[in-house]
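Student: Take this structure first; my questions come after.
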Amino acid sequence: MASVHRVAELRDRVRGWKRAGLRVGFVPTMGNLHAGHLQLLTCARQQADRVVASVFVNPLQFGPNEDFDRYPRTLSEDAAKLESVGCDLLFAPSVTEMYPHGREHLSGVRVPALSELLEGEFRPGFFDGVATVVSILFNQVQPDMAVFGEKDWQQLQVVRRMVADLHLPIEIVGHPTAREADGLALSSRNQYLSAQERKLAPLLHRELQRIVDALAQARRDYAALQARAEEQLRASGFEPQYVAIRAPDLQLPTVDAREWVVLAAAFLGRTRLIDNRYLRL
Ligand code: PAF
């Protein structure tokens, strides 16, 4: 697997593949790769002739009090993992390579329809940072398809909407969340958890599953289900930010809905965890 750090080198390689008529798949990441990321790579590998992964910890999508500085950076381990799943090219640009004119007056991409609710309410500007960096990466890599994890459900919807609004000729593929044996969704941030917090962490997914079970048993008292889950999480030591029962496009569900996604974000100590469960009847 080749590794490049400059946009010009990336473009050279991809141009050669495109000229040969090959389909290019792309998996954008912030590195510190775990089995969940590698599943995204394997998915891209199955659907494309060549696969590019990017590793870039994007400062635009971190708030002032968030973990940009302590976000784990493990590039050489990431490269070995990417190679083990058949990635063809690693693109690992510096901040200057990505934002050569600085970040202050950077042209940006916004997806207003989806950026202010749920995650956007608690992480203002987060989805502007994501939409901007993903559109820059799409312009740099020019993939035919790109894979995103369903763990970040709202991010996946934001990317889909951006691609539709901007008429980008890129197929967006969502891949199911990878979980530990006890149900905890894999995340680079899980490593911030203390041993005690790690034991409690799967309760987040269990509360979401409890709501999914209730929906499957015809409960439609959405507000009560959300409130009870928040209460249970609080009683177990979490600080929930939201538990929300939504339609898959994140709008409020109707009482005759047949499809839902139940999403939550909660702090456990200093670690912010997010998760979601999807149900279709
Ligand atoms: O999901 C992530 O890791 C990031 O938000 C992404 C899509 C790589 C953009 O920085």
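The values are calculated or read from the model by the stated rules, or taken from the named source; none is laboratory data. Computed from a predicted structure; not experimentally measured. Ideal geometry is used to build each Cβ from the backbone, glycine not excepted, and the neighbour counts take in all protein chains shown.
Student: Kindly indicate whether ARG110 is more than 10 Å from the ligand (Cβ to nearest atom), under 25 Å from ARG189 (Cα atoms), modelled with pLDDT of 95 or more and under 17 Å from the mean Cα position of the chain (by Cα).
Tutor: When the stated conditions are applied, ARG110 does not pass them.
Student: Among the residues of segment 112-142, which ones are small (Gly, Ala, Ser) and either surrounded by fewer than 21 Cβ atoms within 10 Å (Cβ to Cβ) or out of contact with any Asp or Glu (no Cβ under 8 Å at 6 or more places or on another chain) (or both)?
Tutor: Hits for segment 112-142 are ALA113, GLY120, GLY125, GLY129, ALA131, SER135.
Student: Name the one entry in GLY129, GLY120 that is within 12 Å of the ligand (Cβ to nearest atom) and within 16 Å of the chain's Cα centre (by Cα).
Tutor: Exactly one of GLY129, GLY120 is within 12 Å of the ligand (Cβ to nearest atom) and within 16 Å of the chain's Cα centre (by Cα), namely GLY129.
Student: Within segment 151-167, which residues are in contact (Cβ under 8 Å) with a residue 24 or more places away in the chain and within 11 Å of the ligand (Cβ to nearest atom)?
Tutor: Scanning segment 151-167 gives LYS151, ASP152, GLN154, GLN155, VAL158, VAL159.
Student: Could you tell me how many of the residues in segment 43-67 are under 20 Å from HIS5 (Cα atoms) and either within 16 Å of the ligand (Cβ to nearest atom) or in contact with a Pro (Cβ under 8 Å, 6 or more places away or on another chain) (or both)?
Tutor: The number of residues fulfilling the criteria is 10.
Student: Any residue in segment 253-273 that's closer than 11 Å to LEU204 by Cβ: show its pairings with residues that are in a strand (DSSP E or B) and of a type in the set (Asp, Glu) at Cβ separation under 7 Å, as long as the two are six or more apart or on different chains.
Tutor: Matching pairs, first to second residue: ALA264/ASP275; ALA266/GLU239; PHE267/GLU239.
Student: Could you run through segment 7-42 and say how many residues are among the charged types (D, E, K, R) and either within 24 Å of the chain's Cα centre (by Cα) or within 16 Å of the ligand (Cβ to nearest atom) (or both)?
Tutor: The total comes to 1.
Student: Pick out the one residue from GLY108, GLY129, GLY102, GLY120 that is in a loop (DSSP other than H, G, I, E, B) and touching a residue at least 24 places away in the same chain (Cβ under 8 Å).
Tutor: Just a single option satisfies the conditions, and that option is GLY108.
Student: Of the residues in segment 15-59, how many are of a type in the set (Lys, Arg) and closer than 19 Å to GLU150 by Cβ?
Tutor: So the count comes out to 1.
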